[in-house]
Amino acid sequence: MKTRIIYTLVAIIIIVISIFGVRQYLENQRYESYLSMQVANDISRLTGDVRVNQTIYDEILNSRSLSQEQVETLFHNNYSIVNIAQEHKNLVLQFKRSGQELDNIPANKASNIAYYFEGLIWDIAERQGIDVANKTSQFPIELPKSESYPIKDKELEKIQIIKGMNDIWLQTIVNNVKGVSGQGYIISDIFFDKYVDKGITSDYWVNVAVEMDKKTKEYLDKNYLHLN
């Protein structure tokens, strides 16, 4: 009788452990899928932000002028880069996916760039006779959004360096992510088929984070960029 009870208890324990194991496995699978989708969406957004920024930098350098519409796009895109770079740095550290320490340089520089362009448009507004002492909005609403205003040579030199850094970011993505064209366009059927389900286990997003950090530092060691 006692033996039968023991066998029954052992069987119950095995069933409970099996059920727990299956649930744990399914939870891990769901978490993996969730992170894979999140990272894939981040990389897709990062690619679009960097590509659009590149187009705007070219427009500014070619026209030697700047509009508030361009500034607003650059501000929001660069802050999107800040958020993605920081989030992916945290994921790399959390999952111990790299032997290299990340210094958060791309996020810091993208933040500086966002506020640099915000400052530029306020400088333009002041030259246009707008009272900037008592700001009531993030950008000068008195300026027509699409009108372009000339900017100084020293600012164009800074923007040229910023564009060079953005070039590096775009090339890093192109080199490490399947389904991204040389111009920075996402080829959806290739990209999402490759990364949407199991992408978190791939190194593509880790390589982007590590190389962006490393190559940004190398670039700035050779190209001084003072944005204050």
Fill in the blank from the handout: Karplus ³J(HN,Hα) for the range 207-217 (6.51 cos²θ - 1.76 cosθ + 1.60, θ = phi - 60°; Hz, whole; x = Gly/Pro) runs 4, 4, 4, 5, 6, 4, 5, 5, 6, 5, 4
Problem - Potential lengthening between residue 136 and residue 112 on full extension [0.36 nm per residue; Cα-Cα distance subtracted] - result: 6.5 nm
Practice task
Report residue 45's accessible area, 1.4 Å probe, all protein chains in place, as a number in Å² to the nearest 10.
Solution key: 100
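Tell me the per residue accessible area of the chain using a 1.4 Å probe; a whole number in Å² is fine. Present the calculation step by step, with values, prior to reporting the outcome.
Numbers: 12920 Å² over 228 residues.
That works out to 57 Å² per residue.
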Fill in the blank from the handout: Everything considered on the Cα gyration tensor (a ≥ b ≥ c; rounded for a/c under 1.5, else prolate if a/b is larger than b/c, else oblate), the range 23-152 must be described as prolate
Exercise for the section: Show which lysines lie in cross-link reach of residue 198 when reach means a straight Cα distance below 30 angstrom and same-chain residues fewer than eight apart are skipped. Expected result: 89, 96, 178, 214, 215
Practice task
Please report, as a whole percent, how much of the solvent-accessible surface of the range 93-184 comes from carbon and sulfur atoms (probe radius 1.4 Å).
Solution key: 45
Exercise for the section: Extending each Cα 7 Å along its Cβ direction at residue 87 and residue 152, get the distance between those two points in nm, one decimal. Expected result: 3.8
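Figure the gain on full extension for residue 72 and residue 175 (residue separation times 0.36 nm, minus the Cα-Cα span) and round it to one decimal in nm. Don't skip to the end; give the middle numbers.
Details: separation 103, 0.36 × 103 = 37.08 nm, distance 2.87 nm.
In short, 34.2 nm is gained.
Label the range 146-228 by shape, choosing from rounded, prolate and oblate, from the square roots a ≥ b ≥ c of the eigenvalues of the Cα gyration tensor; if a/c is under 1.5 it is rounded, and otherwise prolate applies when a/b is larger than b/c, oblate when it is not.
Details: a/c = 3.59, a/b = 1.82, b/c = 1.97.
Taking the square roots of the gyration eigenvalues as a ≥ b ≥ c, the range 146-228 is oblate.
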Completion exercise
With all protein chains in place and a 1.4 Å probe, residue 59 shows an accessible area in Å² (nearest 10) of 90
Exercise for the section: Taking 7 Å along the Cα-to-C-beta vector as the label spot, tell me the residue 123-residue 104 distance in nanometres, rounded to one decimal. Expected result: 2.7
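So, counting K/R as plus one and D/E as minus one, what does the shell of residues with Cβ under 9 Å around residue 138 add up to? Numbers along the way, then the final one.
Values: positive: 135; negative: 72, 118.
Residues close to residue 138 contribute a combined charge of -1.
The values are calculated or read from the model by the stated rules, or taken from the named source; none is laboratory data. Just so it is clear, the structure is predicted and the values come from calculations on it, not from any experiment. A quick note on method: Cβ atoms are made from the backbone with ideal geometry, for glycine too, and the neighbour counts reach across all protein chains shown. Remember, those area values only see protein heavy atoms, side chains included, never the ligands or the DNA or RNA. Shrake-Rupley method; radii C 1.70, N 1.55, O 1.52, S 1.80 Å.
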